[in-house]
Amino acid sequence: MKILKHTLRFCLLVIVFYGCTKEDDNTDFIDAIEAPINVSANVTITQDNSGLVTLTPLGEGVTNFVINLGDGSELSDPITPGSSLEHTYEEGSYEVLITAYGLNDLSTTISQTIVVSFQAPQNLVVTIENDGTLSKTVNVTASADFAMFYEVSFGEDPTVDPTTVNIGETISFTYQEAGIYTIFVEAMGGAIATTSYSEEFEVTAILQPLASADIPPARASADVISIFSSSYTDVEGSDFFPDWGQGGCCGSGWSLFDLEGDEMLQYSNLSYQGNQIGETIDVSQMEYLHLDVWTADVLQTIEVSLISVSNGERPIVVDLTPNEWTTIDIPISDFTSQTGFTVEDIHQLKYVGTPFGEGGTAFIDNIYFYRAATEEVSIAGTWRMSSEGGSLGVGPSVGDTSWFACDDSCVAERSCYFDDAYVFGADGSFANVLGTETWIEPWQGGSDACGTPVAPHDGSVAATYTFDAVSGSLTVSGVGAYIGLPKANNEGELPNVSVPNSITYTATLSDNNNTMDVYIESGAGVFWQYRLVKDTSVVSSPIEGSWQMSSESGSLGVGPSVGDTSWFACDDGCVAERSCYFDDTYVFGANNSFANVLGTETWIEPWQGGTDACGTPVPPHDGSAAATYVFDESAGTLTINGTGAYIGLPKANNQGELPNVAVPESIVYSVTLSDNNNTMDVYIESGAGVFWQYKLTKI
């Protein structure tokens, strides 16, 4: 084996040496090769009491195998993929080690138990089940004492040889048709005698969808006319079974099918069916008709017709893919290109199945007309995790949270987490507003309990976001900014990776853009999933969004009256010196939440323990307050509620200046907006005739 390894290394060196003569060659791929995966072995034994075992090793990314036979004999010679090894054992149980080597000498070793017995297999247990997700598919598993493998005849075609499977493993088989079949299982070991089992088993077809169709992308209301969808606002008053005689002529039926809360139209024994739209609609400005159709294997096509009040109907025929959702997008031009047809007065849709009325069932969802976006879909506003079981979870695929799902009791226990706010500003700013407590995990120094937010995931970062409604890409940028859980990011999970500068999620909007389903793959096959809901309880304020002190001379000052900053005015040199202060952000949320987002540094004065220099924010003026705001535009007042929350300078409040007075629970400022509500002039009288004055700019 060592000789082989050295030979392999020599070959790689030759490749690398040759690469040096060609500038565009690159052998980095060798270092990127991973160890072999899916390593196993098929094991059979002759039924003649001889103990002769045949081992066929299997794996992916393998150059050769070496087998430790487990009985004290020497290691095998290298075995190339596809080859087998024969070895004679005495009666007994053996742990065989199979080592698979890859191109770069990385290896994977697995252990497999071999039981050699010259007794006939005993205690044979056979399990036969219909697969829960694949139609007309059965799974067979057999176990037995003194058996090494078993053979299965599935009873569909007697000319097909039985399938051989290691004892204890599962074999799946998909039938052409549902029905009753005789499944025969024979367990075999080293003895001449075998043990068998047979069963008359009913193979069933899956006749309804097990998963919903894809959630439609977010669209502005002007770009969609919805007939039946949970993502958009439907035309009111539509009849989805207007009874055009289908029941009497053809036994065709209709019902609403509920798939775990997702309702869809179910048309059974489809001949022709239709929708009477609640009002006549003009779809001439739309570009496509969309619908999702699921059927088993009876229906081959569906004919979709638009029906006009004034000029009849025009059909389009679409092929259907059995046992999965068929996504249909028909250009409106395919209808209007048919002679004399216009779409300004559509009042009905019609569906015709092929074969006609022969038992096929169609499930139809997401029926709507749409066009390319004419206006951007916004997620601006304040969002929170939905306070319902299952809104937080993780699993091996999107929609699967079998590894962990936060149930109702979990939601109650983590109330300090479910009240966290994710504030998306209309200007592209983003803030995690956590209040005084959130859920702190052990990697953060906590104990899976509510606790004080831990930097950098404490909402102190000045973050931004971008959202593409078409692709669903949602990126938050800023070290410590996140959605859902702070540990899950594109590189893996903290603390196993570095805290990223940005994180990209996939987000889908529904419920008229008030529900956001978000997922992120934080490692291969590890999908964290979150459901957020928009806070729609308040009317948008003109100061909603993120603001900063204007980086210009005179934006910060104090004097004996409003407009007079003769006592102190921050000039250009002061602005440059206090850059750590002028980048502080004041975030006004759509739900009247407020946050001071200071980053790692702000201006620290002597009364705070500083030296009139940049430094780490000092509690309670560090952005940790669970604060709110009330803006009275007519009175020109802005009230900030929350101990430690402030505008401009933390020391100036209505009672005086800190540390000469107690830290207040709220502060009232006088505010004037200008420049189309993008400039905010603020002042506060912090003692008789002491007016601190700030000029803020919306970012």
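If you go through the range 287-319 and keep only what is in contact with a Leu (Cβ under 7 Å, 6 or more places away or on another chain), without any contact (Cβ under 8 Å) to a residue 40 or more places away in the chain and assigned to a loop (DSSP other than H, G, I, E, B), you end up with nothing. In summary, LEU556 fulfils each of the numbered conditions (1) more than 15 Å from the chain's Cα centre (by Cα); (2) open to solvent by 10 Å² or more (accessible area, probe 1.4 Å); (3) farther than 24 Å from THR436 by Cα with the single exception of condition (2). The set of residues in the range 320-334 that are part of a strand (DSSP E or B), at pLDDT 95 or above and closer than 13 Å to ASP292 by Cα comprises TRP325, THR326, THR327, ILE328, ASP329, ILE330. If you check THR170 against the conditions, is it under 30 Å from GLU34 (Cβ atoms), more than 39 Å from the chain's Cα centre (by Cα) and surrounded by fewer than 15 Cβ atoms within 10 Å (Cβ to Cβ)? Spelling it out, it is not the case that THR170 is under 30 Å from GLU34 (Cβ atoms), more than 39 Å from the chain's Cα centre (by Cα) and surrounded by fewer than 15 Cβ atoms within 10 Å (Cβ to Cβ).
Could you look through the range 438-482, keep only residues that are under 19 Å from GLY599 (Cβ atoms) and among the hydroxyl-bearing types (Ser, Thr, Tyr), and pick out the one that is surrounded by the fewest Cβ atoms within 10 Å (Cβ to Cβ)? Of everything passing the filter in the range 438-482, THR452 is surrounded by the fewest Cβ atoms within 10 Å (Cβ to Cβ). For the range 467-505, a residue qualifies if it is assigned to a loop (DSSP other than H, G, I, E, B) and charged (D, E, K, R), and the qualifying residues are LYS487, GLU491. Checking the structure you have, find out if any residue of the range 240-251 is at pLDDT below 90, small (Gly, Ala, Ser), surrounded by 19 or more Cβ atoms within 10 Å (Cβ to Cβ) and farther than 26 Å from ARG219 by Cβ. No, because not a single residue in the range 240-251 is at pLDDT below 90, small (Gly, Ala, Ser), surrounded by 19 or more Cβ atoms within 10 Å (Cβ to Cβ) and farther than 26 Å from ARG219 by Cβ.
Yes or no: VAL66 at pLDDT 90 or above, in a loop (DSSP other than H, G, I, E, B), out of contact with any Asp or Glu (no Cβ under 6 Å at 6 or more places or on another chain) and within 23 Å of ILE37 (Cβ to Cβ)? So VAL66 fails the test. Quick check: anything in the range 92-108 surrounded by fewer than 18 Cβ atoms within 10 Å (Cβ to Cβ), in contact (Cβ under 8 Å) with a residue 12 or more places away in the chain and of a type in the set (Asp, Glu)? Yes, the conditions are met somewhere in the range 92-108. Against the definition (without any contact (Cβ under 8 Å) to a residue 12 or more places away in the chain and either at positive phi or of a type in the set (A, V, I, L, M, F, W, C) (or both)), how does ALA626 come out, yes or no? Spelling it out, it is not the case that ALA626 is without any contact (Cβ under 8 Å) to a residue 12 or more places away in the chain and either at positive phi or of a type in the set (A, V, I, L, M, F, W, C) (or both). For first residues located in the range 209-224 and assigned to a helix (DSSP H, G or I), partners that are among the small types (Gly, Ala, Ser) and lie 6+ apart or on another chain with Cβ distances below 8 Å form the pairs ASP223/ALA372; ASP223/ALA373.
Restricting the range 630-662 to residues that are more than 39 Å from the chain's Cα centre (by Cα), without any contact (Cβ under 8 Å) to a residue 40 or more places away in the chain and assigned to a strand (DSSP E or B), which is nearest to LEU696 (Cα to Cα)? Within the range 630-662, the match that is nearest to LEU696 (Cα to Cα) is THR637.
Comparison of VAL53, VAL62, VAL66 shows that the only residue that is buried (at least 17 other Cβ atoms within 10 Å of the Cβ), more than 16 Å from SER107 (Cα to Cα) and β-branched (Val, Ile, Thr) is VAL53. For the range 597-619, the count of residues that are open to solvent by less than 10 Å² (accessible area, probe 1.4 Å) and either farther than 25 Å from GLY687 by Cβ or not in a strand (DSSP E or B) (or both) is nonzero. One residue is enough: does the range 335-349 have a residue meeting the conditions open to solvent by 10 Å² or more (accessible area, probe 1.4 Å) and in a helix (DSSP H, G or I)? The answer is yes; a qualifying residue exists. Each residue in the range 90-127 was checked for being within 17 Å of ALA35 (Cβ to Cβ) and in contact with a strand residue (DSSP E or B) (Cβ under 6 Å, 6 or more places away or on another chain), and 10 pass. Only one of the numbered conditions (1) crowded, with 16+ Cβ neighbours inside 10 Å; (2) of a type outside the set (Phe, Trp, Tyr); (3) at pLDDT below 95 is not met by ILE647, and that is (3). Here HIS87 meets each of (1) in a loop (DSSP other than H, G, I, E, B); (2) over 21 Å from ILE37 (Cβ atoms) with one exception, condition (1).
Go through the range 509-547 and give me each residue that's assigned to a strand (DSSP E or B), open to solvent by 40 Å² or more (accessible area, probe 1.4 Å) and either under 24 Å from ASP419 (Cα atoms) or not charged (D, E, K, R) (or both). Of everything in the range 509-547, those that are assigned to a strand (DSSP E or B), open to solvent by 40 Å² or more (accessible area, probe 1.4 Å) and either under 24 Å from ASP419 (Cα atoms) or not charged (D, E, K, R) (or both) turn out to be TYR519, ARG531, VAL533, LYS534. Scanning the range 669-690 for residues being surrounded by fewer than 16 Cβ atoms within 10 Å (Cβ to Cβ), under 22 Å from GLU544 (Cα atoms) and of a type outside the set (Ser, Thr, Tyr) gives a total of 4.
Need at least 3 residues that are hydrophobic (A, V, I, L, M, F, W, C) per element, so show me which strands (runs of 3 or more DSSP E) inside the range 110-159 make the cut, counting only ones lying wholly within it. Step through it out loud before you land on a result.
Numbers: elements: 122-130, 137-145, 149-153.
Those strands (runs of 3 or more DSSP E) span 122-130, 137-145.
Restricting SER212, SER226 to residues that are surrounded by 21 or more Cβ atoms within 10 Å (Cβ to Cβ), of a type in the set (S, T, N, Q) and under 39 Å from the mean Cα position of the chain (by Cα) narrows the list to SER226. Residues that are free of Cβ contacts under 8 Å to residues at least 24 places away in the same chain and under 40 Å from the mean Cα position of the chain (by Cα) within the range 663-677 comprise just one, ASN676.
The values are calculated or read from the model by the stated rules, or taken from the named source; none is laboratory data. From a predicted model like this one, the values you see are computed outputs, not experimental measurements. Don't worry about glycine lacking a Cβ; one is built from the backbone with ideal geometry, like all the others, and counts go over all protein chains shown. With ligands, DNA and RNA removed, areas are computed over all heavy atoms of the protein, side chains included. Shrake-Rupley method; radii C 1.70, N 1.55, O 1.52, S 1.80 Å.
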